[in-house]
Amino acid sequence: MLPSGLKETQLRESNNNNQKVHPQPMEESINQNPEAMEALISNLFGNISSLKSAYIELQSAHTPYDPEKIQAADKVVISELKNLSELKHFYRENNPKPVCVSPQDSRLAAEIQEQQSLLKTYEVMVKKFQSEIQNKDSEITQMLQKIEEANQKRLKLEKNLKLRGMSTNEGSGGDNGNLQFPDLTTELFISTYETAAKAVHDFSKPLINMMKAAGWDLDSAANSIEPDVAYAKRPHKKYAFESYICQRMFSGFQQKNFSVNSESTTVMADDDTDTFFRQFLALKDMDPLDALGTNPDSNFGIFCRSKYLILVHPKMEASFFGNLDQRDYVTGGGHPRTAFYQAFLKLAKSIWILHRLAYSFDPAAKIFQVKKGSEFSDSYMESVVKNIVVDEKEENPRVGLMVMPGFWIGGSVIQSRVYVSGVKVLE
């Protein structure tokens, strides 16, 4: 029989051995772990705050209505609801019994919840305010643009009023006060362009007639201006002479001084649009011969002399008049009063005032030309011959002649006028 002390020792060893053979679960219950309970509560209230915040964002996405934001906010709400559901299942699996939370833990959890909820609310409000600021910035930008447009209109009105006042003061008679001066508009430029195109056409008539009278071979002359042009009709060769006139009269148009190089040439600042517009108004309704009679050596006078000497070749003039007296007179600084020279002055005036008007705009109207052989495009070209027929089996029609250049002015395009080569014309 064992002593009682030894029996107690063996009994304790036996109990220890039983515990090793049958171990208890290693994880402690959440109820018995305050730190785990605190983490669970923190997660729970954090999810609730996130859910509230997501719901607020979902509401704000409706005003203004934004489908993408609504869809995104809806996904966040669903995600937060899933998180809450997972927390609930986790708690039930690990805590089948009610949990006793100390008052201190409850206050801590409530405070955490309140702070997180406020933080989310503030974030939503900040986003809302940022959106409102962006909207206000956009409104301010639009208002500044409107102010700038209004200032531009005001400057144009002041310019027109000043020009009208100066023109009235410069007039010698009281009737000038009743004159109506045009506004600087794209429509005015288009009208002036049409006048120039008509002047080119009108001058080509006496030029062709004098060539006929002098015994010129017009077919050869047209071919020498631009060879290998397939004309639909023989009378269309007149466009070769209009092209010849334009090539010489518009040469240098892209330069601000229009290639007028002289000591008397007025030097103007790059932004002196008023001066150009005044020159346009001064000559617009004036007889060019009267203007040259007042000031034969003006910029306009120099322009007329230089363009005449370029346009009318010495051989051409000799065949027309039998001598070069008129050419010598022009070279010497004069402006003859012959019918031919006066017809030329009408042409020169129309091109000159078109140039003055082009540089009255800011930015200035820009000239563009179309080369022979270019593919015809009705977006920036216009055929001088109407009712042309293009064979669908043939390649795209090509430009044979440029009769009048085109212009870019503001956002508008004035089409270049061209003769399309190798097409048929409906009768």
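Things to note:
- Enumeration of residues in the range 290-309 that are more than 12 Å from Ser259 (Cα to Cα) and among the β-branched types (Val, Ile, Thr): Thr294
- Residue that is farthest from Asp328 (Cα to Cα), among those in the range 300-314 that are in a helix (DSSP H, G or I) and free of Cβ contacts under 8 Å to residues at least 40 places away in the same chain: Gly301
- Among (1) surrounded by 14 or more Cβ atoms within 10 Å (Cβ to Cβ); (2) of a type outside the set (A, V, I, L, M); (3) at pLDDT 90 or above - the single one Ser262 does not satisfy: (3)
Matching residues to (1) among the β-branched types (Val, Ile, Thr); (2) touching a His at 6+ places or on another chain (Cβ under 7 Å); (3) modelled with pLDDT of 70 or more; (4) farther than 30 Å from Glu132 by Cα:
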position: Pro23; (1), (2), (3), (4): no, no, no, yes
position: Gln32; (1), (2), (3), (4): no, no, no, yes
position: Glu38; (1), (2), (3), (4): no, no, yes, yes
position: Lys69; (1), (2), (3), (4): no, no, yes, no
position: Leu84; (1), (2), (3), (4): no, no, yes, yes
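- Set side by side, the residues Phe407, Phe361 differ, and just one is hydrophobic (A, V, I, L, M, F, W, C), under 30 Å from Phe276 (Cα atoms) and part of a loop (DSSP other than H, G, I, E, B), which is Phe361.
Rundown of residues vs (1) small (Gly, Ala, Ser); (2) at pLDDT 90 or above, yes/no style:
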site: Val389; (1), (2): no, no
site: Gly406; (1), (2): yes, yes
site: Tyr419; (1), (2): no, yes
site: Gly422; (1), (2): yes, no
site: Val425; (1), (2): no, no
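- Picking from residues in the range 385-404 that are part of a strand (DSSP E or B) and not basic (Lys, Arg), the one that is surrounded by the fewest Cβ atoms within 10 Å (Cβ to Cβ) is Val389.
- Restricting Asp297, Asp274 to residues that are open to solvent by 70 Å² or more (accessible area, probe 1.4 Å) and under 23 Å from Ala358 (Cα atoms) narrows the list to Asp297.
- Looking only at the range 311-358, residues that are among the charged types (D, E, K, R), closer than 21 Å to Ala213 by Cβ and buried (at least 19 other Cβ atoms within 10 Å of the Cβ) come to 2 in all.
- In the range 203-230, the residue that is farthest from Ala343 (Cα to Cα) out of those that are surrounded by 20 or more Cβ atoms within 10 Å (Cβ to Cβ) and not aliphatic (A, V, I, L, M) is Ser204.
- Applying a threshold of 9 Å to beta carbon distances and a minimum spacing of six or more residues, or different chains, the list of pairs starting in the range 227-252 at a residue that is aromatic (Phe, Trp, Tyr) and ending at one that is part of a loop (DSSP other than H, G, I, E, B) reads Tyr239/Val229; Tyr239/Tyr231; Tyr239/Val384; Tyr239/Val385; Tyr244/Glu226; Phe250/Gln369; Phe250/Pro405.
- Of the residues making up the range 65-78, those that are open to solvent by less than 50 Å² (accessible area, probe 1.4 Å) and closer than 16 Å to Lys120 by Cβ number 2.
- Any hit, the range 362-375, residues being open to solvent by 80 Å² or more (accessible area, probe 1.4 Å), touching a residue at least 40 places away in the same chain (Cβ under 8 Å), more than 26 Å from the chain's Cα centre (by Cα) and within 21 Å of Val425 (Cα to Cα): yes
- Residues considered: Thr121, Thr186, Thr141. Of these, the only one that is in contact with a strand residue (DSSP E or B) (Cβ under 8 Å, 6 or more places away or on another chain), open to solvent by less than 100 Å² (accessible area, probe 1.4 Å), modelled with pLDDT of 70 or more and not charged (D, E, K, R) is Thr186.
- Cross-chain or 6+ apart pairs with Cβ under 7 Å, the range 319-343 first and on the phi > 0 side of the Ramachandran plot, then open to solvent by 70 Å² or more (accessible area, probe 1.4 Å): Gly333/Asp297
- Checked against the criteria, Lys238 counts as in a helix (DSSP H, G or I), in contact with a Ser or Thr (Cβ under 7 Å, 6 or more places away or on another chain), modelled with pLDDT of 95 or more and open to solvent by 60 Å² or more (accessible area, probe 1.4 Å).
The values are calculated or read from the model by the stated rules, or taken from the named source; none is laboratory data. Keep in mind that this is a model prediction, so the values were computed, not measured. Note: ideal-geometry Cβ built from the backbone for every residue, glycine included; neighbour counts use all protein chains shown. These area figures cover heavy atoms from the full protein model, side chains too; ligands, DNA and RNA do not enter into them. Shrake-Rupley method; radii C 1.70, N 1.55, O 1.52, S 1.80 Å.
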